[in-house]
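*Asks:* Mind having a look at this structure? Questions to follow.
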Amino acid sequence: MKKLIFKKNKDFTLLKTNTNKFYGGKDKFLLGFSLIELLVSIAILVVVSGLVFFNQAGFNNSILIENLAYEISLTIRQAQSYGLQSKEFEVGSDIFMIGYGVYFDMDNNNELILYADGNSNHLYDGEGGNDRIIDTLKMTNNSIIEGLCIGDPCSSVEELNIAFIRPNPTAFINYVAEADEIEICEIQIKSVRDERKKIVVNKIGQISIEEVE
């Protein structure tokens, strides 16, 4: 191994007159990655990045379906609040003693309707009936209502009404006219990535969000 040789100039500063070389004559500072090492590093980076993005997408989807479940629950709670407050049927109508409800229909499983129950029959009679649509909640991100069911054990139905009328906070759960008294119902929702939640409503007006087994 060669020694570093220095000499003093007129200003008594040290100058390097010979470079030190190692590793078979290659300058130490010129060494770097080989092509194979570079390709392996890039491959590892791509795999790790892909896993992070995939998990992030799944996490975001889970949050979105949970937010939708809460939004549906809040819409049902809003109908309950309107029923207890005796919200006026229409401005200037002086009609207060009516019910309010939420209507689900599997033929339109990407939306639900918040309505004023004009004839207080605890059913949504459609735009041609005595009821009035207050709001329509559209499902976001291609999520849908996957199923509606009533009772325990749960039996599937194609339509579902959850209505409230003063002075009681109890829920009137119906799917057809003159239905037997129903104690509990479920609204099952599904995201585009098959994430699922269900909203459970019982007769005493309790609302909960649960996992689908």
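*Asks:* Suppose we keep only residues that are among the hydroxyl-bearing types (Ser, Thr, Tyr) and at pLDDT below 90 within the range 41-77. Which one would you say is farthest from Glu211 (Cα to Cα)? Talk me through it step by step, then tell me what you get.
*Replies:* If we filter the range 41-77 for residues that are among the hydroxyl-bearing types (Ser, Thr, Tyr), which is where we start, we get 41, 49, 62, 70, 73, 75.
Within this subset, residues satisfying the condition of being at pLDDT below 90 are 41, 49, 62.
Numbers: Ser41: 41, Ser49: 30, Ser62: 11 Å.
Ranking the candidates gives Ser41 first.
*Asks:* Can you tell me which residue is farthest from Glu195 (Cα to Cα) among those in the range 127-152 that are outside any strand (DSSP E or B) and of a type in the set (S, T, N, Q)? Spell out how you get there, then give the answer.
*Replies:* So in the range 127-152, the residues outside any strand (DSSP E or B) come out as 127-131, 139-143, 151-152.
Pick out the ones that are also of a type in the set (S, T, N, Q) and you get 130, 140-143.
On the way: Asn130: 37, Thr140: 14, Asn141: 12, Asn142: 12, Ser143: 9 Å.
Here the answer is Asn130.
*Asks:* State yes or no: is Ile165 at pLDDT below 90, of a type in the set (Val, Ile, Thr) and either under 28 Å from Arg196 (Cβ atoms) or buried (at least 19 other Cβ atoms within 10 Å of the Cβ) (or both)?
*Replies:* So Ile165 passes the test.
*Asks:* If you don't mind, there's one more thing I want to ask. In the range 103-126, which residues are hydrophobic (A, V, I, L, M, F, W, C), assigned to a strand (DSSP E or B) and under 17 Å from Ile187 (Cβ atoms)?
*Replies:* First, the residues of the range 103-126 that are hydrophobic (A, V, I, L, M, F, W, C): 104, 106, 112-114, 116, 123.
Narrowing the set further to residues that are assigned to a strand (DSSP E or B) leaves 104, 112-114, 116.
If the condition is that a residue be hydrophobic (A, V, I, L, M, F, W, C), assigned to a strand (DSSP E or B) and under 17 Å from Ile187 (Cβ atoms), then Phe104, Leu112, Ile113, Leu114 are the ones that fit.
*Asks:* Based on what the data block shows, is Val157 loosely packed, with under 14 Cβ neighbours inside 10 Å and in contact with a strand residue (DSSP E or B) (Cβ under 9 Å, 6 or more places away or on another chain)?
*Replies:* Spelling it out, it is not the case that Val157 is loosely packed, with under 14 Cβ neighbours inside 10 Å and in contact with a strand residue (DSSP E or B) (Cβ under 9 Å, 6 or more places away or on another chain).
*Asks:* Contact list please: Cβ distance under 9 Å, first residue in the range 60-85 and closer than 17 Å to Glu195 by Cα and of a type in the set (A, V, I, L, M, F, W, C), second residue loosely packed, with under 14 Cβ neighbours inside 10 Å and modelled with pLDDT under 85, pairs at least six apart or on different chains.
*Replies:* Here the result reads Leu64/Thr140; Leu64/Asn141; Ile65/Asn141; Leu68/Thr140; Leu68/Asn141, each pair linking the range 60-85 to a residue that is loosely packed, with under 14 Cβ neighbours inside 10 Å and modelled with pLDDT under 85.
*Asks:* Here are Phe96, Phe12: which of them is at pLDDT 60 or above, over 30 Å from Asp194 (Cα atoms) and part of a loop (DSSP other than H, G, I, E, B)? Explain how you work it out, then say what you get.
*Replies:* Values: Phe12 fails: at pLDDT 60 or above.
Residue meeting the stated conditions: Phe96.
*Asks:* Exactly one of these conditions fails for Ser208: (1) surrounded by 18 or more Cβ atoms within 10 Å (Cβ to Cβ); (2) under 18 Å from the mean Cα position of the chain (by Cα). Give me its number.
*Replies:* All conditions pass for Ser208, except number (1).
*Asks:* So Asn142 fits all but one of (1) surrounded by fewer than 16 Cβ atoms within 10 Å (Cβ to Cβ); (2) in contact with a Cys (Cβ under 7 Å, 6 or more places away or on another chain); (3) touching a residue at least 24 places away in the same chain (Cβ under 8 Å); what number is the exception?
*Replies:* It is condition (2) that Asn142 fails.
*Asks:* Output the number of residues of the range 168-207 satisfying the condition of being of a type in the set (S, T, N, Q), more than 19 Å from Ala116 (Cα to Cα) and modelled with pLDDT under 95.
*Replies:* At the first step, the residues of the range 168-207 found to be of a type in the set (S, T, N, Q) are 168, 170, 174, 188, 191, 202, 206.
After this cut, where a residue has to be more than 19 Å from Ala116 (Cα to Cα) as well, the list is 188, 191, 202, 206.
Going one step further and asking which of them are modelled with pLDDT under 95, we end up with 191, 202, 206.
Total meeting the criteria: 3.
*Asks:* For Phe172, all conditions in the list (1) surrounded by 14 or more Cβ atoms within 10 Å (Cβ to Cβ); (2) more than 22 Å from Tyr100 (Cα to Cα) hold save one; what is the number of the exception?
*Replies:* (2)
The values are calculated or read from the model by the stated rules, or taken from the named source; none is laboratory data. Computed from a predicted structure; not experimentally measured. In this analysis, Cβ positions are derived from the backbone assuming ideal geometry, glycine residues included, and neighbour counts consider all displayed protein chains.
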